[in-house]
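Notes follow once the structure below has been shown.
The values are calculated or read from the model by the stated rules, or taken from the named source; none is laboratory data. In this text the structure is predicted, and so the values were computed from the model without any measurement. With ideal geometry, Cβ positions are generated from the backbone for all residues, glycine too; neighbour counts draw on all protein chains shown. For the accessible areas, the whole protein counts, side chains as well, though only heavy atoms, and no ligand, DNA or RNA atoms are used. Shrake-Rupley method; radii C 1.70, N 1.55, O 1.52, S 1.80 Å.
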Amino acid sequence: MAPKPQNTIFLCEHFPVYTMGIRSKVPPGEIDRLKELGAEFHFTDRGGLITFHGPGQLMCYPVLDLGSFRRSVRWYVGSLEETVVRTCKELGVSAGTTCNTGVWVGNNKIAALGIHVSKWITSHGIALNCNSDLEWFDHIIPCGLVGKGVTSLSKETNRNVTVSEAAGKFLQSFSDVFQCEVKTGD
């Protein structure tokens, strides 16, 4: 029997890229139009519709065995959202959840969430806007939500909140919400 893989969280920033989830439909010419802006374009097997990832955005990819926590996708999504809400609070931003997935400041999304779960192993994750160039979102309907906006930690606090600053707060919040020890590696 193979050893059970260790639960792992990957944190990173991406070069500009638009991604589409499994529910997305691509209008003719859309991919070329977005690539002309200077971003890559990729289809993914996560839930959700189109979004943007790029510099200034904390990307978190938890690869977890939910059997180690709770075998519930609904619990997992709620726990990820709670992690981001607590991270925002630690950085001086009052954020919350709504009937729409993700974390919100009023009518503006500060963090998108798109996951995939197979055999209770998670992939994909969270995109928290720290000091992102929000103009990238002007070229799409983020997450397919018409009439909703996007925001960032920097915009909400009127100061430069870096990915590095947010990452430490995020890992502490993750540890608290998931009731686990988070060890950082090289």
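Applying 1/(1 + (r/R0)^6) with R0 = 45 Å to the Cβ-Cβ distance of VAL146 and CYS180 gives a FRET efficiency near 0.75. Note on PHE43 and PHE10: their simple-model spin labels are 2.1 nm apart, each label 7 Å out from Cα toward Cβ. Label the stretch 81-186 by shape, choosing from rounded, prolate and oblate, from the square roots a ≥ b ≥ c of the eigenvalues of the Cα gyration tensor; if a/c is under 1.5 it is rounded, and otherwise prolate applies when a/b is larger than b/c, oblate when it is not. Oblate is the answer for the stretch 81-186, as a/c is 1.5 or above yet b/c matches or exceeds a/b. Computed over protein heavy atoms with a 1.4 Å probe, the accessible surface of the chain works out to 54 Å² per residue. A simple count of charges around GLY114, restricted to other residues whose Cβ falls under 11 Å of its Cβ and scoring Lys, Arg +1 and Asp, Glu -1, yields +1. If R0 is taken as 45 Å, the Cβ-Cβ distance between ASP133 and TRP75 corresponds to a FRET efficiency of 0.85.
The mean sequence distance of close C-alpha pairs (under 8 Å, at least 6 residues apart), as a share of the length of the chain, puts its relative contact order at 24 percent.
Extending 7 Å from the Cα toward the beta-carbon at both ILE22 and ASN160 defines two label points whose distance is 4.1 nm. Rounded, prolate or oblate: which fits the chain, taking a ≥ b ≥ c as square roots of the Cα gyration tensor eigenvalues, rounded meaning a/c under 1.5, else prolate when a/b beats b/c? The shape class here is oblate.
For the stretch 44-114, a simple Cβ point-charge model (Lys and Arg +1, Asp and Glu -1, everything else neutral) yields a dipole of about 120 debye relative to the Cα centre.
Taking a ≥ b ≥ c as the square roots of the Cα gyration tensor eigenvalues, with a/c under 1.5 meaning rounded and otherwise prolate when a/b beats b/c, else oblate, which class fits the stretch 1-85? Judged from the Cα gyration tensor, the stretch 1-85 comes out prolate (a/c at least 1.5, a/b above b/c).
Mean residue ellipticity, 222 nm, helices only, the chain: the sum of -39500 (n - 2.57) across DSSP H runs of n ≥ 4, divided by residue count and rounded to 500, is -7500 deg cm²/dmol.
Counting only residues at least eight positions apart within a chain, or on another chain, the lysines with an alpha carbon under 29 Å from that of LYS119 are LYS4, LYS25, LYS183. Here the stretch 8-178 has 51 percent of its accessible surface on carbon and sulfur atoms, given a 1.4 Å probe and all protein chains in place.
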